[in-house]
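To start, the structure under review is shown below, and the notes come after it.
The values are calculated or read from the model by the stated rules, or taken from the named source; none is laboratory data. In this text, all values refer to a predicted model and were calculated from it rather than measured experimentally. All Cβ positions, even for glycine, are placed from backbone atoms using ideal geometry, and neighbour counts span all protein chains on display.
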Ligand code: UD1
């Protein structure tokens, strides 16, 4: 087991290059198997979740050729198996995107049913509703989703819940269905748009991604392309909050500022100065942060994946703040860890009231999930003492070179693999 050990107290200062969006990449890799020609995907983030997805794709017989850390060639023409094992689903829920991709292309897919996860129960009823509306027979058998159809047909579908996963999964299947599919009440996240753009680049006919209604005219076959994934708005937002809580001055490079609107607006509310450029955003924090109210919502609202990061900032802000988590029911676990560092927080149902404190004190804490883990690192960087964070494999699932990037901004953070290494770090930093 590895840990991050952090000696806080330095303001983070400088520029940091943001990687490709993990959540867009996961779906695009699945969609890439839908053509028998070779697809080149660029700006792939080099993180563990992506490697697992590539293994899942290779596992069903697709040809996967890693050109370099950020580029991969995929050819779905060699697929021999339509079955995604539980091992992959257990590691990354997003391997369920292969359900939509395989069903659309071959009319058959078997994917282990994902269970709940650390942030909530996460049902997939809307995915299944969409596949059924396209004419597929969908059964749950022995812990597996089995979807089959001789002939997928376009449909008019209204999602009961705004879901990123269901929007993307059903969009992939509909891309090769017969006729027109109209999907209403869809998710508008930047990665939904990126997946639609990718599918269009291989010959799909999808309009309206980024609005509430997506229209898909099915096509018979898809073809090769070269595609570059959008920057990761959540990674960018994480570094922007790192600047805020350490009273730093950080410019995130290679971003699409429009995707960061909700984050920028909240950073403004809590007293940060923001400068926007064509493909960069600078965050400057001077003095103590201010309290605010925030509620997580589907895009363009404030993202649930940025909730722990603002939670850390508000725990240090002057005054009383509230956070309402309206997407996932179990996303406040990190607040118990923050409380161990001295934060003053009361959680009731899906809302948390936070009385800001002037300082955290270093403690040994655990990362409860990916984003919360990154947020707790930021908390450690804002603390004078030493913070030790266990269970960092969550963080490595989704942040490329996290500690290197923080170090390049002046953060004192190291990855350790034993108690001895932790003690060595503590002796070194005094
Ligand atoms: C994706 C992101 C995740 C992010 C989330 C919300 C990926 C790989 N993951 O997850 O990082 O936190 O969007 O922005 O892109 N729901 C249902 N039925 C369904 C599907 C979802 O009730 O069939 C509910 C969920 O429980 C949740 C809400 O809808 O309350 C939104 O979930 P969804 O947008 O589907 O999240 P994911 O796609 O799983």
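Restricting attention to the stretch 231-239, does a residue exist that is assigned to a strand (DSSP E or B) and touching a strand residue (DSSP E or B) at 6+ places or on another chain (Cβ under 8 Å)? Yes; the residues of the stretch 231-239 include at least one that is assigned to a strand (DSSP E or B) and touching a strand residue (DSSP E or B) at 6+ places or on another chain (Cβ under 8 Å). In the stretch 16-127, counting only helices (runs of 4 or more DSSP H) that sit wholly within it, the ones holding 3 or more residues that are under 22 Å from residue 139 (Cα atoms) span 86-91, 97-106. Against the list (1) closer than 23 Å to residue 410 by Cβ; (2) within 16 Å of the ligand (Cβ to nearest atom); (3) out of contact with any helix residue (DSSP H, G or I) (no Cβ under 6 Å at 6 or more places or on another chain), the condition residue 263 fails is (3). Among the residues making up the stretch 393-420, those that are in contact with a strand residue (DSSP E or B) (Cβ under 8 Å, 6 or more places away or on another chain) and either under 26 Å from residue 26 (Cβ atoms) or not in a loop (DSSP other than H, G, I, E, B) (or both) are 395, 403, 405, 406, 407, 408, 412, 413, 414, 415, 416.
When each of 140, 145 is tested for being within 19 Å of residue 85 (Cβ to Cβ) and away from the ligand (no atom under 12 Å from the Cβ), the lone residue that passes is 140.
Selection of strands (runs of 3 or more DSSP E) fully inside the stretch 243-332 by the criterion of at least 3 residues being in contact with a strand residue (DSSP E or B) (Cβ under 8 Å, 6 or more places away or on another chain) and over 26 Å from residue 23 (Cα atoms) returns 320-324. If the condition is being without any contact (Cβ under 8 Å) to a residue 12 or more places away in the chain and in contact with a strand residue (DSSP E or B) (Cβ under 8 Å, 6 or more places away or on another chain), then the stretch 36-61 contributes only 58.
Based on this model, can you work out whether residue 380 counts as in contact (Cβ under 8 Å) with a residue 12 or more places away in the chain, surrounded by fewer than 22 Cβ atoms within 10 Å (Cβ to Cβ), farther than 12 Å from residue 339 by Cα and out of contact with any helix residue (DSSP H, G or I) (no Cβ under 7 Å at 6 or more places or on another chain)? Before the answer, list the steps.
Working: in contact (Cβ under 8 Å) with a residue 12 or more places away in the chain: yes; surrounded by fewer than 22 Cβ atoms within 10 Å (Cβ to Cβ): no; farther than 12 Å from residue 339 by Cα: yes; out of contact with any helix residue (DSSP H, G or I) (no Cβ under 7 Å at 6 or more places or on another chain): yes.
So residue 380 fails the test.
Cβ separations smaller than 9 Å between residues 6+ apart or across chains give the following pairs from the stretch 316-330 residues that are at pLDDT below 95 to residues that are buried (at least 16 other Cβ atoms within 10 Å of the Cβ) and part of a strand (DSSP E or B): 328/296. When each of 22, 73 is tested for being buried (at least 16 other Cβ atoms within 10 Å of the Cβ) and either more than 15 Å from the chain's Cα centre (by Cα) or over 23 Å from residue 93 (Cβ atoms) (or both), the lone residue that passes is 73.
Entry remark, the stretch 279-320: residues being more than 19 Å from the chain's Cα centre (by Cα) and more than 17 Å from residue 242 (Cα to Cα) number 7 in total. Please give the number of the condition residue 176 fails out of (1) more than 12 Å from the ligand (Cβ to nearest atom); (2) in contact with a helix residue (DSSP H, G or I) (Cβ under 6 Å, 6 or more places away or on another chain); (3) closer than 24 Å to residue 21 by Cα. Going through the list (1) more than 12 Å from the ligand (Cβ to nearest atom); (2) in contact with a helix residue (DSSP H, G or I) (Cβ under 6 Å, 6 or more places away or on another chain); (3) closer than 24 Å to residue 21 by Cα, residue 176 breaks only (3). Please tell me if residue 157 is outside any strand (DSSP E or B) and either crowded, with 18+ Cβ neighbours inside 10 Å or within 13 Å of the ligand (Cβ to nearest atom) (or both). Criteria not met by residue 157. Of 334, 394, 399, all but one fail to be farther than 22 Å from residue 266 by Cβ and under 24 Å from the mean Cα position of the chain (by Cα); the exception is 394. The residues in the stretch 76-90 that are surrounded by 15 or more Cβ atoms within 10 Å (Cβ to Cβ) and either at pLDDT 95 or above or closer than 22 Å to residue 223 by Cα (or both) can be counted, and the count is 3. Exactly one residue among 140, 168, 145 is in a strand (DSSP E or B), closer than 19 Å to residue 95 by Cα and under 24 Å from the mean Cα position of the chain (by Cα), and that residue is 145. A count restricted to the stretch 92-137 and to residues that are in contact with a strand residue (DSSP E or B) (Cβ under 8 Å, 6 or more places away or on another chain), within 8 Å of the ligand (Cβ to nearest atom) and at pLDDT 95 or above stands at 2. For the stretch 123-137, a tally of residues being loosely packed, with under 15 Cβ neighbours inside 10 Å and farther than 26 Å from residue 80 by Cα returns 2. When each of 325, 235, 337, 276 is tested for being away from the ligand (no atom under 16 Å from the Cβ) and under 27 Å from residue 194 (Cβ atoms), the lone residue that passes is 276.
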